[in-house]
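*Asks:* Dropping a structure here in structure tokens format, bear with me for questions.
The values are calculated or read from the model by the stated rules, or taken from the named source; none is laboratory data. In this text the structure is predicted, and so the values were computed from the model without any measurement. A quick note on method: Cβ atoms are made from the backbone with ideal geometry, for glycine too, and the neighbour counts reach across all protein chains shown. For the accessible areas, the whole protein counts, side chains as well, though only heavy atoms, and no ligand, DNA or RNA atoms are used. Shrake-Rupley method; radii C 1.70, N 1.55, O 1.52, S 1.80 Å.
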Amino acid sequence: LLGPKIETPRELYLHKLGAALKMENTILEMLPQLEEHANDSQLQEALRRHHEETQMHVRNLEQAFSALGAEVDDSPCPTIEGLEKEGQSNLKMVDDSLNDNVIISGVYETEHHEIAVYEGLITTAEAMGEQDVVALLQENLENEQETLQRAQQMGQKLAQRAAMAV
């Protein structure tokens, strides 16, 4: 189940970088499925755009590994697996008319998690003096922050629509 014991700060950093890669690859698989379930065309478009951005996030993470002279390797990311399971189970439970509300709330939770992951990785990369890695991860972080803002705007519209339907 567990690989070799992590004994150095660098090994821990590479493990966490690998978990971020696993996170982005999992999201890459999730987005087209969410797009299929989405009702709102703006939400579908936003999910499609985020799919393209996520492909770039994966490339940036792979480049971060090379900048560190390490082999690209993903590590388990139980948090993203949990968010994925929760989202899928909520989509099964709700009436199709509520899919967008479930999706947007999943996007909030996922983006907050990704932002926290990148903030931690950037702090450590800065401390290690790895400016190339900082730049790559900073790009991902800013993207995730923008995605969260767009999701919040969309979430407000959906919430108002839902409140009027009560």
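*Asks:* For GLN63 paired with GLU139, estimate the spin-label separation in nm (one decimal), with each label point 7 Å from Cα along the Cα-to-Cβ line.
*Replies:* Taking the two extended label points, one gets 0.3 nm.
*Asks:* Between GLU119 and LEU98, what is the label-point separation in nm under the 7 Å Cα-to-beta-carbon projection?
*Replies:* Using points 7 Å along Cα→Cβ, the separation is 3.1 nm.
*Asks:* Can you tell me the length gained on complete extension of the stretch THR8 to GLN149, counting 0.36 nm per residue apart and subtracting the Cα distance? Mind showing how you got there, number by number?
*Replies:* Working: separation 141, 0.36 × 141 = 50.76 nm, distance 3.63 nm.
Difference between extended and current length: 47.1 nm.
*Asks:* To continue, here is another question. Taking the Cα centroid of segment 72-115 and of segment 1-34, what is the distance between the two, rounded to the nearest whole Å?
*Replies:* If you average the Cα positions of each part, the centres end up 17 Å apart.
*Asks:* At 4 °C and 1.567 mPa s, grab the translational diffusion coefficient of segment 52-94 from Stokes-Einstein with a Kirkwood Rh over Cα pairs, rounded to a whole number in µm² per second.
*Replies:* Stokes-Einstein gives a translational diffusion coefficient of 103 µm²/s.
*Asks:* How large is the Rg to Rh ratio of segment 1-64 when both quantities use alpha carbon positions and Rh follows Kirkwood? If you can, show how the numbers build up before the last one.
*Replies:* Details: Rg = 15.5 Å, Rh = 13.4 Å.
Reported Rg/Rh (Cα atoms, Kirkwood Rh): 1.16.
*Asks:* Ignoring any ligand, DNA or RNA, what whole percent of the accessible area of the chain comes from carbon and sulfur when the probe is 1.4 angstrom?
*Replies:* Working: 4940 of 9530 Å².
Here it works out to 52 percent.
*Asks:* In Å, what is the Rg of the alpha-carbon atoms in the chain, and how long is Dmax?
*Replies:* Answer for the chain, Rg first and Dmax second: 17.2, 56 Å.
*Asks:* Please check: in the Gaussian network model of the chain (C-alpha springs, under 10 Å), which one of VAL58, VAL117, VAL94 has the largest mean-square fluctuation.
*Replies:* For the chain, modelled as a Gaussian network with Cα springs under 10 Å, the answer is VAL94.
*Asks:* Taking a quarter of the surface of the Cα convex hull of segment 75-145, what do you get in nm²?
*Replies:* The Cα convex hull of segment 75-145, projected and averaged over all directions, gives 5.3 nm².
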